[in-house]
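Data block below; observations after.
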Amino acid sequence: PDAVAHHLRQAGDSRAVEWLAKAGERAIAAYSYVIASQRYEAALELTTEAHERGWILHRIGLLLRYFDPGRGVQYLTEARQAAEQTGDPVLRAFAIADAGLVSCLGGETLRGLPLLAEGVDLIDRLGPGDLESLRNARSKMIDPGALAALARATGGNETSWNPRRGMYALWLAMLGHLADARAVGEAAIAESAAVPVPDNPVLPSPLANAWKSLGLAYAYTGQADDADEAFSVAKDLHASEHHYSQIAAAAINQLRNVALPLRTTDVELRHRLIGVIEKSSAQSRGSLSADDWIDFGRVPVQCLEGAWSNVRAIGDRMMLHFSGLSYVALADACIVARSQGRDGNAWDMIRLVLPDESASKLGQLQLWAGVQLQQVAVELALDAANLPLASEWIGAHERWLDQSGATVYRPHHELLLARYERVAGRPERALAHAQRALELALDPAQPLVIIAARRMLGELLTASGRHAEAADHLQQALSLADSCAAPFERALTLVAQAELAIATDDDPAPLIAEAREICERLDARPTLDRINALIPS
């Protein structure tokens, strides 16, 4: 098709548009979205008919969604204007919905989600008469979702099916609107199942997006088995149409929201998911920055397993070229920055991603990233003994949990309250919050929070002279840190054990030596300072 299109263009033959479209479709099938967008842009230059131009603009805008979302939104805005000029309700509905999607991918979620909702509602309102108008357009210029809707409406099937409902459900879930996400996602799955099989126009990806929305909703409420099943269904659906970037996206969500927080001791699982992310991202290099997506998968595991120099390098790169979904890596880089004593760098990351700081609204970014940055902000404020600032961020954290219904973060919230009370000099209150954190973290089991809760209990009990209880909590924390392959968690627990050894007149030297070795390797300067303070001058 490329060769034919080239010669027709050289000859000034109007059939070049059709062959450029065929070349674009061929590039899409090969997952070369960059090349496909170039072919459609060439077709646009040769097209004068307004209706056809509108659908070409729409196609280009959607193709740009991964690697240049800002430009994609511009094309989709022009597509909407063309739809309004030509009176095409189908193009208008899809242009609005997809401008919302591409805005969300570009990080403009507060603008994008309402647009996506508006577009989904407009698609719901389309009737067979509206869709019939698509017959007059070149089929290769029209979005496959719109063509599937046309097939359903003109094939005598009155069952409603909206090819953007699953995507809307997914962004509702990612941004923390969990009850709505679950309702919309379940509706999308139900309506797709109701379409008769022989002429079933339901495309795999819209259905997969609905399953991913449920996977996130389940994960955020601690339902690990249900979440794993939902993400597995989504990956299989994406694989059926070779949509590699979305296989990677599903695996990233499964890794970050299920494997790491809820199945932390299954080290093999996290690395198996990284393998899926790396392979699928490499297969989708023509549509996005594969290296960034691979980093999005690797960075939380590197953060946990102690590859902090890599995390810092990724964070520095994302800060330098911040755009779109860069905050996905910065949320982990921020944890490392604080743990290495680079407090100014950590605050820079928080303020870049959450420019309104503690007043930031739910929905400005993916829920897990916002909550994680809020947690680091609380810790930074308490490191500086700034109780008023810590209180502001704790309030923001609680507000997001209340508004989202994400129960999985409740144990960590109790830990933040425990540390706040400890810094405020109220150890009994701190102890009560730490005990509550442990209770919540045990069901469903969240190993990393269990480690932190037991360690804090050990430290508080050491300070109050309850040494036997402290020793039990700290030993359990240490064993679990090893099961999670989490060296910094081990180092922090060793320091707490050394403090207990000093309190009971035991020898802390072996504990201090091992903790120092780990922290020197990680360049964890604040913990090294704490270790040095244990050694008599």
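The values are calculated or read from the model by the stated rules, or taken from the named source; none is laboratory data. None of the values given here were measured: they were computed from a predicted structure. Cβ placement follows ideal geometry from the backbone for every residue including glycine, while neighbour counts extend to all protein chains displayed. Areas reflect the complete protein model, heavy atoms only, side chains present, ligands, DNA and RNA absent. Shrake-Rupley method; radii C 1.70, N 1.55, O 1.52, S 1.80 Å.
List of remarks:
- Descending by average beta-carbon neighbour count within 10 Å, the peptides 460-466, 502-508, 377-383 line up as 377-383, 460-466, 502-508, the highest first.
- For the chain, the longest principal axis of the C-alpha atoms and the axis of helix 509-522 are separated by about 30°.
- The length gained on full extension between residue 45 and residue 534, counted as 0.36 nm times the residue separation minus their Cα-Cα distance, comes to 168.8 nm.
- Axis angle, to the nearest 10 degrees, between helix 244-254 and the longest C-alpha principal axis of the chain: 30 degrees.
- Lys pairs, the chain - Cα-Cα below 30 angstrom, 8 or more residues apart or on other chains: 10
- Between 0 and 90°, nearest 10: helix 69-86 axis offset from the chain longest Cα axis: 40 degrees
- Taking Lys and Arg as +1 and Asp and Glu as -1, the other residues whose beta-carbon sits under 9 Å from that of residue 459 total +1.
- Among (i) 135, 54, 50; (ii) 90, 45, 40; (iii) 84, 73, 41, the entry derived from the coordinates for Cα extents along the principal axes in Å: (ii)
- Summarising the label geometry, the points placed 7 Å from Cα in the beta-carbon direction at residue 10 and residue 384 lie 6.6 nm from one another.
- Summed over qualifying helices (DSSP H, 4 residues or more, each -39500 (n - 2.57)) and divided by its residue number, the chain shows a 222 nm mean residue ellipticity of -24000 deg cm²/dmol.
- Alpha-carbon centroids, the range 199-242 and the range 422-460: separation in whole Å: 34 Å
- Packing around the peptides 85-93, 97-105, taken as the average count of other Cβ atoms within 10 Å per residue, puts them in this order, highest first: 97-105, 85-93.
- Measuring nothing but protein heavy atoms, the accessible surface of the range 201-338 at 1.4 Å probe radius is 52 percent carbon and sulfur.
- Summing +1 for each Lys or Arg and -1 for each Asp or Glu among the other residues whose beta-carbon sits under 11 angstrom from that of residue 205 gives +1.
- The alpha carbon centroids of the range 492-537 and the range 372-419 are separated by 27 Å.
- Spin-label model distance (nm) - residue 30 vs residue 111, 7 Å beyond Cα toward Cβ: 3.4 nm
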